[in-house]
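Following: one structure in structure tokens, then a few remarks.
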Amino acid sequence: MKKWYDEEYEFTIEVIGYLLGDRTERYCRNGEEIGDTYTSTYGCPVNANGQGICSKVMLVMFPIMEAVRSGGDLENVGGSGKYVKDVVCPDGCVIFRLTARYLGNENFYKGKFYEPMS
């Protein structure tokens, strides 16, 4: 991999709770535990051990991340702040909190970094 673009936003996703029970065994297939934290800019979020976030929750998180990248306000879709939204995993097990942080870099498209092939 050869990352050449400094992304506009950084995302942190933290496990903040469970809907059922108080443990991960026989409950969450990825083994998410309260306090687990994942970070990313554009790629899939990983934790401090290099392990990736649950692929099912990424299906939910990616459109929210794109909304932020597009200038959206997460309060307009139930977030607790412009850059903060809690999300329940598709299996209904784990509650995650996504937080975006603006890094001050140019937008990928408006900065004209994207050059489609002719």
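The values are calculated or read from the model by the stated rules, or taken from the named source; none is laboratory data. On a predicted model such as this, the values are computed, not experimentally measured, just so you know. Virtual Cβ from ideal backbone geometry, glycine too; neighbours counted across all protein chains shown. Please note that ligands, DNA and RNA were not included when accessible areas were found on the heavy atoms of the full protein model with its side chains. Shrake-Rupley method; radii C 1.70, N 1.55, O 1.52, S 1.80 Å.
Computed values, structure above
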{"quantity": "Longest exposed-site-free window of the chain, the sites being trypsin sites (Lys or Arg not before Pro) in a DSSP loop that have at most 16 other C-beta atoms within 10 Å", "calculated": "30-81"}
{"quantity": "Chymotrypsin sites (Phe, Trp or Tyr not before Pro) restricted to DSSP loop in region 1-72 with at most 16 other C-beta within 10 Å", "calculated": "Trp4, Tyr5, Tyr27, Tyr42"}
{"quantity": "Segment Thr12-Arg29, length gained on full extension (0.36 nm per residue, minus Cα span)", "calculated": "4.0 nm"}
{"quantity": "Long pairs among Lys2/Lys110; Lys2/Lys82; Lys3/Lys112; Lys85/Lys112; Lys56/Lys110, criterion Cα-Cα beyond 24 Å", "calculated": "Lys2/Lys82; Lys85/Lys112; Lys56/Lys110"}
{"quantity": "Sequence-separation-based contact order of the chain, relative, with Cα cut under 8 Å and 6+ spacing, percent", "calculated": "33 percent"}
{"quantity": "Degrees separating the helix 55-69 axis from the principal Cα axis of the chain, which is the longest one", "calculated": "40 degrees"}
{"quantity": "Carbon + sulfur, % of accessible area of the chain - ligands and nucleic acids excluded, 1.4 Å", "calculated": "50 percent"}
